[in-house]
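First comes the structure, then the notes that go with it.
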Amino acid sequence: MTFTASSTASGSHPIGPSRPRGRLARTIAFTAVVVSAATTGLGLVWVLAPGLNPFADGTMTSLLSAVAAPAAVAIAALALGVAGVALAVLLLLDARMPHRALVGLGAAALALAVGLILGSMGTIAYAGYLFGLAAVVAGVATMVVTLVRTPRLGLLLLAVLLAVLAAAVWLAGLTIDGVTEFAIAFGDALAAHAPNIAVSAVIVVDALVWAAIAISALRAASAGQRFESWLVRHRRILTILAALGPVPYAVARVSWLTPWPLFGPMPEDLPPSLLATGLMLGGGAVAASVLTLGLILPWGRRFPRWMPRIGGRSVPAAAAVVPGSIAAGVICISAAPMFVTTVGGADAPVDALLVNLVLPLWFWGPMLALAVWAYAAWRRDEVQRG
């Protein structure tokens, strides 16, 4: 199997950008060794010290842990890690393995198994809080920079911020004490859940690396090339669909600023700290939708000129593909356990259905993955065309 460009007809030397791609393939394979070894380590620790298994105390729930004992999750993690190390070592030893399709299918099976067996609904919660905080900080920073470098845009962003703050304070009852209480609770929660966040990060990276290897292998087949061409042709509609994924959640959180809150207590019963939490998560959802649209908008190809130092420069494809892939991975591996947990064990099926419509991970994750893949293929084709 090879992740590099095709060889010449004589088979002597690769053509085109094969050397950089060969280095990238080795880097990905080495990463697969490392992250699979980490998964192996987690499984071994959970076998030897069951009390450290987050799937045993209910802080993390996967499809397997919902129907089997925590020991089964530990053994599965150990087995998946060992299989991953073995396959990744083979890739490092011989980057030109002839059975490309078999290796691609093996990598795809590993990615799917890691996501389904170890993926937890808690992963999207951790990512949502961290991304929401980052979105708020980045949004304020963007407003400050644009006020200096492009005042019209900066004033527009300032007006939006002031309108949200006014509605939050006067209509919804946001207070400084509530924000402070939220900040303290948020910091305490991050510290308490740091081990689980680290475990979730390993699982996400493990699944993503094997998905990348599978895509690199399978796209060399004619069917894979045709599918990728289809993605590029339809990248705009795929991106728009992906951008719609977080919109229902954002709308629900924005409604907390009105007398008619959706999926939350009435304004008189809404604690200021909970309101701050909802606004941060809602801001993250809005940011996720806007950033997704960047995959098809001009600033997804070239940095806006108001950005210091890098304004006007071409956006490296990796700057969009890497975070976009991580986001898609987080959403996808959280989708199945969330759907099964909410629908399978629900006493109120209608409420369970609404939860999966307001936060449609089952739709958002695959659409985002396809949109990111289409963007990566489009940018690569653009480079090859010169």
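Here, each number is a calculation from the coordinates, and none is a lab measurement. Owing to the predicted nature of the structure, the values given are computational and were not obtained by experimental measurement. Because the Cβ atoms are built from the backbone with ideal geometry, glycine has one as well, and the counts that use them run over all protein chains shown.
Would you pull out the residues with amide H under 5 Å of Arg302's amide H, same chain only if 5 or more places away, H placed 1.01 Å from N?
Excluding prolines and chain starts, which carry no amide H, the hits are Val315.
Given +1 on the Cβ of Lys and Arg, -1 on the Cβ of Asp and Glu, and no further charges, what dipole in debye does the chain carry about its Cα centre, rounded to the nearest 20?
Values: 22 positive and 13 negative charges, 485 e Å.
Computed about the Cα centre, the dipole is about 2320 debye.
May I ask for the percentage of alpha-carbon pairs in the stretch 185-224 that lie more than 11 Å from each other? Let's see the in-between values first.
Numbers: 537 of 780 pairs.
That tail contains 69 percent of the Cα-Cα pairs.
At 1.306 mPa s and 10 °C, plugging the Kirkwood radius over alpha-carbon pairs of the stretch 31-140 into Stokes-Einstein gives what diffusion coefficient in µm²/s? List each step's numbers first, then the result.
Details: Rh = 15.5 Å.
In µm²/s, the coefficient rounds to 102.
Rounded to the nearest Å, what's the spacing between the alpha carbon centres of the stretch 273-336 and the stretch 128-153? Just the number, please.
The stretch 273-336 and the stretch 128-153 have Cα centres spaced 12 Å from each other.
Principal axis extents for the stretch 237-325, Cα atoms only, whole Å, descending order, please.
The principal-axis extents, from largest down, are 49, 31, 19 Å.
Between Thr258 and Ala134, what is 0.36 nm times their sequence separation minus the Cα-Cα distance? Round to one decimal in nm.
Working: separation 124, 0.36 × 124 = 44.64 nm, distance 2.50 nm.
Computed gain between Thr258 and Ala134 is 42.1 nm.
Grab the Cα-Cα distance for Ile310 and Ala66, subtract it from 0.36 nm times how many residues apart they are, and report the gain in nm with one decimal. Could you put the intermediate results ahead of the total?
Details: separation 244, 0.36 × 244 = 87.84 nm, distance 4.77 nm.
Separation in residues times 0.36 nm, less the Cα-Cα distance, equals 83.1 nm.
Sort Ser62, Ser120 by Cβ crowding within 10 Å, fewest neighbours at the top. Before the final figure, lay out the partial values.
Values: Ser62 28, Ser120 25.
Arranged by neighbour count, lowest to highest, Ser62, Ser120 become Ser120, Ser62.
Over all pairs of distinct alpha carbons, what does the Kirkwood formula give as the hydrodynamic radius of the chain, in Å?
Numbers: mean 1/r = 0.0439 Å⁻¹.
With all distinct Cα pairs of the chain included, I get 22.8 Å.
Multiply the residue separation of Ala189 and Ile240 by 0.36 nm, subtract the distance between their alpha-carbon atoms, and state the gained length in nm to one decimal. Kindly include the intermediate steps, with their values, before the conclusion.
Working: separation 51, 0.36 × 51 = 18.36 nm, distance 3.39 nm.
Taking 0.36 nm per residue and subtracting the Cα distance, the gain is 15.0 nm.
Work out the charge dipole of the stretch 209-368 with +1 on the Cβ of Lys and Arg and -1 on the Cβ of Asp and Glu about the Cα centre, then indicate which of Gly365, Gly283, Ser222 is farthest towards its positive end.
Ser222
With Kirkwood's inverse mean 1/r over C-alpha pairs for Rh, give me the Rg to Rh ratio of the stretch 48-101, two decimals please. Could you put the intermediate results ahead of the total?
Details: Rg = 15.7 Å, Rh = 13.1 Å.
Computed over Cα atoms, the ratio is 1.19.
Would you mind getting the Kirkwood hydrodynamic radius of the stretch 147-244 from its Cα pairs, rounded to one decimal in Å? Provide the component values of the computation, followed by the final result.
On the way: mean 1/r = 0.0526 Å⁻¹.
It works out to 19.0 Å.
If one computes the Cα centroid of the stretch 155-173 and of the stretch 18-88, what distance in Å separates the two points?
Going from one Cα centre to the other spans 45 Å.
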